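Laboratory data are not the source of any read-out in this text; all were calculated from the coordinates shown. All figures in this text were calculated on a predicted structure; none of them were measured in a lab. Here Cβ is always computed from backbone atoms with ideal geometry, including for glycine, and neighbour counts include all displayed protein chains.
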């Protein structure tokens with residue numbers, strides 16, 4: 001690993017609908033790519049149900065383990081939205097109407113439309129920092145190193161911009177992919193030798209099946225470009241020796 | 001909850017490619033839906049990196065907590081495939097060539113093609129039970145309540161059939177969805193009352209945006225159809241009172 005301290009994070013996906021298989025989570029991939037660009041590595045993702053004790057315990061475990069924790073889901077107006085109250089409990093903070101969130105939502109809705117259900121979206125740890133929501137009004141919030149975002153992917157995406165400047169990242173994690181027309185077992189030994197020569201590069205090997213043909217994507221990841229380049233050269237060397245075709249890169 | 005013991009499970013998705021956001025996990029949803037049909041509930045999913053200590057610790061934690069644990073990924077021939085050796089360590093079992101797996105793969109490949117890389121796919125806890133793979137030869141395996149499957153979604157799917165008969169399920173979990181042309185805040189209070197009247201039904205509320213229109217999907221889940229029906233009637237009642245349109249069901 002590099003000398004620079006690695007900045008690591010965890011993601012907590014809150015929602016029975018993901019666990020039941022009804023909804024396909026896509027927020028993990030969105031958050032991970034965005035964090036990579038800031039030099040923050042996602043070390044763990046947990047998908048957990050809408051159960052207060054589990055949310056409290058998971059948040060308390062992960063916020064000690066990681067520099068940053070991101071939660072998605074459970075901040076809407078209905079009875080199954082219990083993230084804000086659970087986070088208050090996890091941090092031992094007062095759960096109640098957040099002044100700024102109340103005034104923000106009051107302005108967002110037409111007069112008379114700011115009903116009880118909508119007001120619930122302004123209930124959270126009363127001293128939380130808001131995460132602004134340009135898409136649909138209702139804000140997310142942040143307490144210490146924990147950032148709470150909604151579950152709806154398009155709304156979540158629109159809110160990341162308001163968090164980037166609050167995070168201290170490391171070196172951005174660079175990656176390069178080499179797509180080969182081969183199968184993993186043909187290159188396993190050579191690739192393992194390259195990994196041993198380049199311990200600071202994370203080398204992944206992923207079989208793919210595209211347009212009726214088998215292939216393997218080799219993914220090199222490191223925060224140092226020269227390390228990726230060295231690794232790349234060593235791979236190209238054995239690939240040529242073995243007469244393996246290199247296909248289009250992504 | 002029903003009197004019958006709930007059968008619960010955990011899923012461990014092993015792979016840096018999911019954590020980096022490069023690959024979108026779809027195996028969670030596949031496994032969850034299949035388990036639901038067997039009456040087994042997924043209580044937790046963890047996505048973890050290709051690091052032995054983390055795999056060992058996570059498997060050992062989850063196999064005590066849940067009736068069944070399913071892992072995906074890391075059972076191929078390359079250096080980053082460390083699931084089989086990690087499971088051996090977690091259970092304190094000998095990691096080596098599995099007799100039946102070796103003979104199975106030897107028959108699968110043409111003479112002379114069963115090279116070192118391919119032989120690695122037969123290395124696992126030597127006394128594991130195999131999970132047969134009709135798609136690409138290399139088997140998965142099972143030790144006690146832990147079932148290890150590959151990461152490639154199409155191969156994983158093809159192997160579930162060989163596990164179903166090994167699992168003891170509960171009552172299949174039934175679900176019904178009611179799609180409403182409304183927003184969550186309009187129904188939050190009424191829905192909360194229905195949930196209080198029907199504590200054995202898991203009621204979820206999920207906003208959607210389809211064909212340019214907002215809506216809310218109400219999902220009712222229980223293993224008892226009559227409970228779902230009762231809940232459904234109570235929802236239809238308040239929906240009619242509020243003049244909310246019911247849109248096509250899924």
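Okay, here's what the table says:
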{"quantity": "C-alpha long axis of helix B:184-197 to longest principal axis of chain B, angle in °", "calculated": "80 degrees"}
{"quantity": "Inter-copy spacing of residue B:144 label points, which lie 7 Å from Cα along Cα→Cβ, given in nm from shortest upward", "calculated": "3.3"}
{"quantity": "Ratio of the Cα radius of gyration of region B:73-170 to 2.2 N^0.38 Å, where N counts its residues", "calculated": "1.03"}
{"quantity": "Proxy reagent accessibility, fewest Cβ within 10 Å first, across A:168, A:152, A:45", "calculated": "A:168, A:152, A:45"}
{"quantity": "Cα-based Rg of the protein assembly as shown normalised by 2.2 N^0.38 Å, two decimals", "calculated": "1.04"}
{"quantity": "Order of B:159, B:124 - criterion: other Cβ atoms within 10 Å of each residue's Cβ, fewest first", "calculated": "B:159, B:124"}
{"quantity": "Helix B:99-108 axis, angle to chain B major axis (alpha carbon atoms, nearest 10°)", "calculated": "90 degrees"}
{"quantity": "Computed FRET value (nearest 0.05) for residue B:61 with residue A:93, which takes r as the C-beta separation and R₀ as 35 Å", "calculated": "0.80"}
{"quantity": "Region B:174-247: relative contact order as a whole-number percent, Cα under 8 Å and 6+ apart", "calculated": "43 percent"}
{"quantity": "Ranked B:236, A:54, A:203, criterion: other C-beta atoms within 10 Å, fewest first", "calculated": "B:236, A:54, A:203"}
{"quantity": "Region A:7-166 pair-distance distribution - Cα-Cα, 5 Å bins, rounded %", "calculated": "2, 9, 20, 23, 22, 15, 7, 2, 1, 0"}
{"quantity": "Helix A:27-37 vs. chain A, principal-axis angle (Cα, 0 to 90°, nearest 10)", "calculated": "70 degrees"}
{"quantity": "Convex hull volume per residue for region B:119-240, taking Cα atoms only, in Å³", "calculated": "161 Å³"}
{"quantity": "q = 0.26, 0.29 Å⁻¹, region B:181-229: log10 I(q)/I(0) [Debye, one scatterer per Cα]", "calculated": "-0.96, -1.07"}
{"quantity": "Two-site label geometry, residue B:127 and residue A:157: point separation in nm, points 7 Å out along Cα→Cβ", "calculated": "5.2 nm"}
{"quantity": "Ellipticity estimate at 222 nm from DSSP helix runs (n ≥ 4, -39,500 (n - 2.57)) divided over chain B, nearest 500", "calculated": "-10500 deg cm²/dmol"}
{"quantity": "Region A:128-151-region B:208-250 distance, computed between alpha-carbon centres (Å)", "calculated": "28 Å"}
